[in-house]
Amino acid sequence: MLRPKKSLGQNFLIDKNIINKIINLKNIKNRNILEIGPGCGSLTERILEKKPKSLTLIEKDYKLYEVLKKKYQNNNKVRLFNLDILKIDLEKIINVKSIIFGNLPYNISSQILVKLIKFKNWPPKFTDLVLMFQKEVAEKIAGTTFGRLSIITNYRLKLLNKFNVSPNCFYPKPKITSSVLHLSPIRKEIYKINNLDNLEMITNIFFSNKRKMIKKNFRKILGKKSIKNLNLNLRPADLKSEVYYKITELYEEK
Ligand code: SAH
């Protein structure tokens, strides 16, 4: 085995039960699959056993890419890219109705999720996301810890399933517990935000000071506009996600 690179967030899954549990969250047979960071292929192998229609792999590490290339060069279902997931036009590469799997590199996991949420075409070309995060980040996404990440996630994704994964299931063993989240896109958007960058910008402003009442920032963003029945003496975490969508809509109307 190659020596794992910390800089690329390489913690390889070695626990067969967990690998099965992940793979079995969704029926893979005859589906298009995309895997982010296949690494040594622990998920990849099992995905292929389930006979997908196609499997697209995106791996940044050239060494691992070479190993995967050798392994799968004669498999015409596999498309392999040696690319950085954050730098590519994923909407172009991805096949229709894909299921996306990934035991994500932890240092960029939320950036990867946000990239998926910001797909320009919605409903997107994926039907399911089955992704591994640090537990702490997973809680921010799922809303157990309410904040920027859950607000932007709630806008376009719903949580179908989650479970924790012990550090013992990886090599090398990470210091923290992990969580797998199974998410799926909400097909119809209820709010009409034109540019999700604005939702990000607005939640960034409010949550940069969680203890502060929202009044001042609300005025800064919306000037004289107002939202019926919204108490401006509340703190950012007291508002529901929907209020942030409404604020963003009003901001975009300017
Ligand atoms: N799926 C494998 C490996 C998980 S570790 C397993 O479960 O065992 C995370 C993987 O993501 C590593 O293979 C790492 O090289 C890869 N990776 C890290 N940064 C990446 C990026 N920006 N784009 C694509 N892959 C990346």
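The values are calculated or read from the model by the stated rules, or taken from the named source; none is laboratory data. It should be emphasised that the depicted structure is a prediction, and the values quoted were computed from it without experimental measurement. We place every Cβ from the backbone using ideal geometry, glycine too, and count neighbours over all the protein chains shown. Surface accessibility is based on the protein's heavy atoms, side chains included, excluding ligands, DNA and RNA. Shrake-Rupley method; radii C 1.70, N 1.55, O 1.52, S 1.80 Å.
Regarding the stretch 137-157, can at least one residue be identified that is within 16 Å of the ligand (Cβ to nearest atom), open to solvent by less than 10 Å² (accessible area, probe 1.4 Å) and not β-branched (V, I, T)? Yes, some residue in the stretch 137-157 is within 16 Å of the ligand (Cβ to nearest atom), open to solvent by less than 10 Å² (accessible area, probe 1.4 Å) and not β-branched (V, I, T).
Filtered by the rule that a residue be in a helix (DSSP H, G or I), open to solvent by 10 Å² or more (accessible area, probe 1.4 Å) and within 12 Å of the ligand (Cβ to nearest atom), the stretch 100-112 gives Y106, N107, I108, Q111. Of the residues that sit in the stretch 50-65 and are within 11 Å of the ligand (Cβ to nearest atom) and part of a loop (DSSP other than H, G, I, E, B), which one is farthest from the chain's Cα centre (by Cα)? Filtering first and then ranking leaves D61.
Figure legend. Inter-residue proximity from the stretch 222-235: first residues in contact (Cβ under 8 Å) with a residue 40 or more places away in the chain and under 23 Å from R211 (Cβ atoms), second residues among the small types (G, A, S) and in a loop (DSSP other than H, G, I, E, B), beta-carbon distance below 8 Å, spacing 6+ or different chains. No pairs are indicated. For T144, the conditions (1) under 17 Å from the mean Cα position of the chain (by Cα); (2) in the same structural domain as I36 (by TED's automatic domain parsing); (3) not in a loop (DSSP other than H, G, I, E, B) all hold with the exception of (3).
Between K115, K87, K92, the distinction of being among the basic types (K, R) and either closer than 18 Å to Q10 by Cβ or away from the ligand (no atom under 13 Å from the Cβ) (or both) belongs to K92 only. Taking the stretch 7-32 as the range and being in a helix (DSSP H, G or I), within 13 Å of the ligand (Cβ to nearest atom) and farther than 14 Å from F101 by Cα as the test, the residues that pass are S7, L8, K16.
Quick grid of which residues meet (1) at pLDDT below 95; (2) in a loop (DSSP other than H, G, I, E, B); (3) more than 13 Å from the ligand (Cβ to nearest atom); (4) touching a Leu at 6+ places or on another chain (Cβ under 6 Å):
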{"position": "R3", "(1), (2), (3), (4)": "yes, yes, no, no"}
{"position": "L34", "(1), (2), (3), (4)": "no, no, no, no"}
{"position": "P38", "(1), (2), (3), (4)": "no, yes, no, yes"}
{"position": "E45", "(1), (2), (3), (4)": "no, no, no, no"}
{"position": "L48", "(1), (2), (3), (4)": "no, no, yes, no"}
{"position": "V67", "(1), (2), (3), (4)": "no, no, no, no"}
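Listed by first and then second residue, the pairs linking a residue in the stretch 1-17 that is of a type in the set (A, V, I, L, M) to a residue that is within 6 Å of the ligand (Cβ to nearest atom) and modelled with pLDDT of 95 or more, with Cβ atoms under 6 Å apart and 6 or more places separating them unless they lie on different chains, are L8/D61; L8/P105; L13/S42; L13/N103.
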